[in-house]
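Notes to accompany the following structure.
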Amino acid sequence: MYLQISSCPHFVIFSTRLPGYFYENAPSWIFILAVAGTQVFAMFMSIYGVRGLDATAIGWPWGITVLAISTCMFMLLDIVKVQIIRRWSFELTVKLVPTATRKAILQERLAKRVVKERAKSNVAKARKVLYMTMGLVAWQKTMEKRGRKMLPESSSTTINVA
């Protein structure tokens with residue numbers, strides 16, 4: 001029981017410190033060593049027992065099983081956490097607890113989102129025009145260069161009128 005109580009919260013700390021998956025951003029080495037050190041200490045206490053505390057030894061098979069269960073539960077809870085964070089939104093909160101203040105804030109956010117989407121669309125249109133203009137300028141320069149190369153350099157453009 002002690003090993004389970006010791007290992008689960010330590011593993012959950014790795015999950016709760018980030019909104020994403022636990023492996024996406026590694027914690028500092030000091031933190032990892034501190035958690036690993038306490039887990040090794042707790043595992044040996046549980047596997048071999050502590051006579052002064054009347055803690056019965058559980059043995060290696062049970063100790064490893066408890067740590068494996070704690071690790072699996074930690075990974076499962078991490079997946080659940082990430083999925084909840086991805087699906088949870090302020091709109092859902094307004095639907096679940098519809099207060100006047102939340103509805104007003106939601107309306108402001110939706111209005112800002114519409115403005116932001118319009119601006120994003122206009123920027124995309126402006127970029128399209130810019131790229132087309134740059135293409136036309138490049139094409140025009142290429143045609144001018146080709147036009148100069150077609151004329152012989154030594155030919156004269158002067159016309160004699162008699």
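The values are calculated or read from the model by the stated rules, or taken from the named source; none is laboratory data. Predicted model, so just to flag it, every value in this text is computed and none were measured. Note that each Cβ is placed from the backbone with ideal geometry, even for glycine, and that neighbours are counted across all protein chains shown. When the accessible area is computed, the model is the full protein with side chains, heavy atoms only, and any ligands, DNA or RNA have been set aside. Shrake-Rupley method; radii C 1.70, N 1.55, O 1.52, S 1.80 Å.
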### Query
Between VAL66, ALA100, SER46, whose Cα lies farthest towards the positive end of the dipole of the chain when Lys and Arg beta carbons carry +1 and Asp and Glu beta carbons carry -1, centred on the Cα centre?
ALA100
### Surface accessible to a 1.4 Å probe, PHE44 within the full protein complex, Å²
90
### Query
For the chain, what is the mean residue ellipticity at 222 nm derived from helices alone (per DSSP H run of n ≥ 4: -39500 (n - 2.57); sum divided by total residues; nearest 500 deg cm²/dmol)?
-26500 deg cm²/dmol
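Determine the dipole magnitude for the chain: charges of +1 sit on the beta-carbon of Lys and Arg, -1 on that of Asp and Glu, nothing else is charged, the reference point is the Cα centre, and the result goes in debye to the nearest 20.
That gives the chain a dipole magnitude of about 1320 debye.
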### Task
Kindly report, to the nearest 10 Å², the accessible surface of LYS116 as traced by a 1.4 Å probe over protein heavy atoms only.
150
### Query
At a Förster distance of 35 Å, what's the computed FRET efficiency of THR16 paired with TRP60, Cβ-Cβ distance as r, to 0.05?
0.75
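Give me the accessible area per residue for the chain, probe 1.4 Å, as a whole number in Å².
That works out to 82 Å² for each residue.
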### Query
Helix hunt in the chain: which complete DSSP H runs extend at least 24 Å axially by C-alpha with mean Kyte-Doolittle at least -1.0?
29-48, 59-87, 100-150
### Task
Express the relative contact order of the range 1-120 as a whole percentage, based on alpha carbon pairs under 8 Å and six or more residues apart in sequence.
27
### Amide H within-cut-off set for ALA55, under 5 Å, with H built and near neighbours excluded
VAL50
### Task
With a 10 Å radius around each residue's Cβ, average the other Cβ atoms per peptide and rank 99-112, 53-66, highest first.
53-66, 99-112
## Note on the structure
Excluding residues fewer than 8 positions from LYS116 in its own chain, the lysines with Cα under 25 Å of it are LYS95, LYS103, LYS125, LYS128
### Task
Could I have the simple spin-label model distance between LYS103 and LYS128, label points 7 Å from Cα toward Cβ, reported in nm to one decimal?
3.8
### Summary
Once the in-chain neighbours fewer than 8 apart are removed, the aspartates and glutamates whose Cα is under 18 Å from LYS81 read GLU24
### Task
Report which label in [x] 24.0; [y] 13.3; [z] 11.9 holds the value of mean projected area of the Cα convex hull in nm² derived from the coordinates of this structure.
[x]
### Query
Once you charge only the Cβ atoms, +1 for Lys and Arg and -1 for Asp and Glu, what is the size of the charge dipole of the range 77-130 about its Cα centre, to the nearest 20 debye?
300
